[in-house]
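Visitor: Supplied in structure tokens, the structure appears directly below.
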Amino acid sequence: MRLTAAFFKLVRLPNLLFIAITQLLFQFCIYHPIYQGNIPDKDDVHFFLIVLASLLIAAAGYIINDYFDINIDEVNKPEKMVVDKIISRRWAIAWHLMLSTAGIILTIIALPVLRYPHLVLANIFCVILLWFYSTNYKKTLAMGNIVISLLTAWTILILFFSKFPLGFAHHNGSLNIDPKFFRLTFLYAGFAFVISLIREAVKDMEDLPGDEKYGCKTMPVVWGIHATKVYIAVWLSVLVASLVLLQVYVLSFHWWWAVLYSTSLIIAPLLFALLKLFKIHTVREYHRMSNLIKFVMFSGTVSMIFFYFYL
């Protein structure tokens, strides 16, 4: 039982559930309402295989990240360590390889190589990218944050691209790209990218002691805390301004409940984070800020539900 709990902790079960919820909401609250009556046979079967593949690849990424972060985690969060404490390094590598391989196999089953070679290669690239993120990129200035943000956006983008064969050709029952589907896909993928950039920078401030000790070139180490906060403030301001403009646009459709939800559970927490940003200084305060941003990620994702009723 202790080993099972440790494994779920190692693969970040709550984060995996968040990925699954994001993809489920996108499929059934955005894709289904837009293409109702025109959805190809077995589309949902392929969808669930893609979700499972995404979860396995993400879980493998979390494992290899902890494997290479043992020294840093001993400084930043010794009480949360699993690798080398409960699960051996050898088993961590074995699980990483097994989950990554299973994720790629499921991708090939869900997305036949002849029609979707770019997506199979993209998921293979994700596995490789997660390895290099853990070994190199996360220790370099901004690169690690960009990689994680791109991978976060990819959990939505892969579903969009999976609906259309290579070249978006309209043949053999494939669909045309609906403008609403295109806009909503890149709206949520863009939100995921920016909010991840913000959260990764906040986490870098939280992890500063260990990163500094082991020579990681993260923003707080290279630029300092104040400059990192300015960077975060710029992205928060851009995100809030974009969301406010979006609510003004949505008001023209009289989507009152959606506007109320977005204002109170997405925009307001972001404004609160912006106001508190330059007043926090301790690791505990940075951790709370990180959790607040994670809440906004979740509430932003859940807003997809409104499109089930409005589309």
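Read-outs: derived from the displayed coordinates by stated rules, not from any lab. Just so we're clear, the structure is a prediction, and the values are computed from it rather than from any experiment.
Visitor: Can you work out ³J(HN,Hα) from phi for every residue in segment 230-241, in order, using Karplus 6.51 cos²θ - 1.76 cosθ + 1.60 and θ = phi - 60°, giving whole Hz and x for Gly and Pro?
Guide: 4, 4, 5, 4, 4, 5, 4, 5, 4, 5, 4, 4
Visitor: Averaged over every viewing direction, what's the projected area of the C-alpha convex hull for the chain? Give it in nm², one decimal, please.
Guide: Across all orientations, the chain yields a mean hull projection of 16.5 nm².
Visitor: Considering segment 260-309, what Rg and Dmax in Å follow from its alpha-carbon atoms?
Guide: Computed over the Cα atoms of segment 260-309, radius of gyration and Dmax are 12.7, 43 Å.
Visitor: How much mean residue ellipticity at 222 nm does the chain get from its helices, if each DSSP H run of length 4 or more adds -39500 (n - 2.57) and you divide by all residues, to the nearest 500 deg cm²/dmol?
Guide: -23500 deg cm²/dmol
Visitor: When the Karplus curve 6.51 cos²θ - 1.76 cosθ + 1.60 is applied with θ = phi - 60°, which whole-Hz ³J(HN,Hα) does each residue of segment 180-197 get, with x for Gly and Pro?
Guide: Using θ = phi - 60°, the values come out as 5, 5, 4, 5, 5, 4, 7, 5, 6, 5, x, 4, 4, 5, 5, 5, 5, 4 Hz.
Visitor: Here's a follow-up. Tell me, what is the Rg over Rh of segment 182-311, with Rh the Kirkwood radius over Cα pairs?
Guide: Expressed as Rg/Rh, it is 1.04.
Visitor: Report the dimensions of segment 1-85 along its three principal axes from the alpha-carbon atoms, largest first, rounded to Å.
Guide: 54, 23, 21
Visitor: Which whole-Hz couplings ³J(HN,Hα) result when phi for each residue of segment 8-18 is put into the Karplus expression 6.51 cos²θ - 1.76 cosθ + 1.60, θ = phi - 60°, listed in order with x for Gly and Pro?
Guide: Per-residue couplings from phi come out as 5, 5, 5, 8, 6, 3, x, 5, 5, 4, 5 Hz.
Visitor: Which whole-number percent gives the relative contact order of the chain, counting Cα pairs below 8 Å spaced six or more residues apart?
Guide: 22 percent
Visitor: Also: Please report, for the Cα atoms of segment 172-228, the Rg to one decimal and the Dmax as a whole number; what are they, in angstrom?
Guide: Cα only, segment 172-228: 18.7, 57 Å (Rg, Dmax).
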